[in-house]
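The values are calculated or read from the model by the stated rules, or taken from the named source; none is laboratory data. This structure is a prediction, so every number in the text was calculated from the model and none was measured. Note that we place each Cβ from the backbone using ideal geometry, even for glycine, and neighbour counts take in every protein chain shown.
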Amino acid sequence: MDLSTIQAIELAISHELEARRSYLALAEETDDPELKRLLKEIAQEEAGHEVSLRSRLRLYQEKHLLRDTIARYVSPEMCEEILKNPDLLQLGGRRQEVTVLFADIRNFTSMSASLAPEGVVEVLNTFFTEMVDLVFAHKGALDKFLGDALMAVFGVPVAVPEAASQAVACALAMHGRLQEMQAQGRTPVQGMRIGINTGEVIVGNIGSDKRMDFTVIGDAVNVAARLQELAKDLGADTLVSEATFKAVGGKFNLVAGPALVLRGRQEPTAVYRLDD
């Protein structure tokens, strides 16, 4: 948003207010009833014009503020789609099938111990910038950062064809990008662990009356997070749930692993390792 232009518009609108006051002052000074009436009518028109201009300017500013906010979480194309259809960010909750991806940096604690605080922040910012770009490129939305991890969702707030396939392709791209960064000497990050699951979640704006975030919650989210944790124990780069395995329909090299009991669950869960 061009602040200098906005300030110039606000200055011009203030002149409308000054003009209205001048017309009213002139109306008080004249003894001609017809002229007095005319000046008051003009002043009233000026008042209406001023209100209209301020309203239109406010709508413009609100739209651009919304665009700046949304652009932090989705691609520019998806941002424009949301602005055309604000109902996509409806305040109330709804149930929807999505694919959730969790990714975190391998051995981050030991790596960060050897870096200054400023270095840790720089490493994270460089890493997240590259990974979020890939999430956007695969039509996903950034849900949140969790320390050295990120959570992305595919299928909301805009419906995405083959969301599960987009998520798995994104995981492959993320590992590939990290390898490029390592080869170029751009990061000390040695690897990452990713967990992906597909299922029904509750989508909506969640929080307090002072701050709310558009996010997804539900067991499908928990399973994706548990798979990302489990990847470390299995020595895998990416683990995919059975629901995601079925959703992608054989498009990727997914190798079945042993059925495991995830933390917080009682029944074994089938898991699949994603290979290049």
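Run residue 21 past the list (1) at pLDDT below 80; (2) of a type in the set (Lys, Arg); (3) exposed (fewer than 14 other Cβ atoms within 10 Å of the Cβ); (4) over 25 Å from residue 80 (Cα atoms) and report the number of the one that doesn't hold.
All conditions are met except number (1).
Here is a list: 220, 236, 231, 171. Which entry is in contact with a strand residue (DSSP E or B) (Cβ under 8 Å, 6 or more places away or on another chain), surrounded by 17 or more Cβ atoms within 10 Å (Cβ to Cβ) and within 18 Å of residue 97 (Cβ to Cβ)?
220
Residue check: is residue 130 assigned by TED's automatic domain parsing to the domain that holds residue 177, more than 21 Å from residue 239 (Cβ to Cβ), free of Cβ contacts under 8 Å to residues at least 12 places away in the same chain and part of a helix (DSSP H, G or I)?
no
Within region 109-123, which residues are touching a helix residue (DSSP H, G or I) at 6+ places or on another chain (Cβ under 9 Å) and either assigned to a helix (DSSP H, G or I) or crowded, with 17+ Cβ neighbours inside 10 Å (or both)?
111, 112, 119, 120, 123
So which of 189, 160 ends up being in a loop (DSSP other than H, G, I, E, B), over 14 Å from the mean Cα position of the chain (by Cα) and free of Cβ contacts under 8 Å to residues at least 24 places away in the same chain?
Unique residue meeting the criteria: 160.
Restricting to region 190-217, count the residues that are closer than 24 Å to residue 173 by Cα and either outside the structural domain of residue 171 (by TED's automatic domain parsing) or loosely packed, with under 15 Cβ neighbours inside 10 Å (or both).
2
Which members of region 239-256 meet the condition of being buried (at least 21 other Cβ atoms within 10 Å of the Cβ) and in contact with a Lys or Arg (Cβ under 9 Å, 6 or more places away or on another chain)?
239, 240 - these are the residues of region 239-256 that are buried (at least 21 other Cβ atoms within 10 Å of the Cβ) and in contact with a Lys or Arg (Cβ under 9 Å, 6 or more places away or on another chain).
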